[in-house]
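Remarks on the structure that follows.
The values are calculated or read from the model by the stated rules, or taken from the named source; none is laboratory data. Since the structure is predicted, the reported quantities are computational estimates derived from the model, not experimental observations. Note: ideal-geometry Cβ built from the backbone for every residue, glycine included; neighbour counts use all protein chains shown.
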Amino acid sequence: MGNESAQRILVLNRLWQPVNIIGVRRGFSLLCQDMAQVIHTADGHFEILDFCGWHEYSLCNPTEDPSKLIHTVRLAFRIPKVLLLRDYDRLPIREITFNRQNLFERDGHRCQYCNTTHTPKELNLDHVIPRDRGGKTSWENVVTSCIRCNSRKANRLPHEAGMHLVRRPEKPKWRPFVSSIREEQCDDSWNQFLNLKS
């Protein structure tokens, strides 16, 4: 198995939710063991193919590009872009690290006082209860705020500044797999299964 090292495969659970991005060898192994099927997309239509079906598709649709093939001793297969797991229906759960970027993601890049969306450069982190009043740097006490609202609130409690939170800050319990994917990692054929803008 030669030129497939740079290729990646998107894996969906049986409910068609994205759960992983794996290498070609691992993906081919799942297909061979009948633990997954290939989702082939063409002209907006989905075709689900098992190992034999994918082999037949590969034979009927040859490619001269060796980077798009995976070889066994006797056979050549096109490298699938998306696999559908037969039995797994869960979503991966990940503890999310407390940092600036993840806080912005939790709050949707919206100021939690005026509810407007901003670029990361236009945002600050605000301690709802100021640190000099015993406020902690934690998910439950830090929110995304725009520079204007951050200056207005200053070192006061929100009600002292005549301001109100859009929603109470909480620690995210889990992080969907999709939110950890960067757009530059994606193959175009994944777009209909991922919504990275949301």
Say whether the condition of being modelled with pLDDT under 90, surrounded by fewer than 16 Cβ atoms within 10 Å (Cβ to Cβ) and in contact with a Lys or Arg (Cβ under 7 Å, 6 or more places away or on another chain) is met by at least one residue in region 28-36.
no
Residues of region 40-62 being touching a helix residue (DSSP H, G or I) at 6+ places or on another chain (Cβ under 9 Å) and either within 20 Å of residue 187 (Cα to Cα) or among the β-branched types (Val, Ile, Thr) (or both), in sequence order, are 40, 41, 47, 49, 54
Whether any residue in region 109-117 is outside any helix (DSSP H, G or I), assigned by TED's automatic domain parsing to the domain that holds residue 52 and within 25 Å of the chain's Cα centre (by Cα) is what I want to check.
no
Out of 85, 157, report the one residue that is of a type outside the set (Gly, Ala, Ser) and either closer than 30 Å to residue 15 by Cα or touching a residue at least 40 places away in the same chain (Cβ under 8 Å) (or both).
85
Could you please find all residues in region 53-89 being part of a strand (DSSP E or B) and either farther than 12 Å from residue 40 by Cβ or of a type in the set (Phe, Trp, Tyr) (or both)?
69, 70, 71, 76, 77, 85
Give all pairs with beta carbons closer than 9 Å in which a residue from region 132-143 that is in a strand (DSSP E or B) meets a residue that is hydroxyl-bearing (Ser, Thr, Tyr) and at pLDDT 95 or above; count only pairs at least 6 apart in sequence or on separate chains.
143/113
Restricting to region 119-167, count the residues that are closer than 19 Å to residue 109 by Cβ, exposed (fewer than 11 other Cβ atoms within 10 Å of the Cβ) and modelled with pLDDT of 95 or more.
1
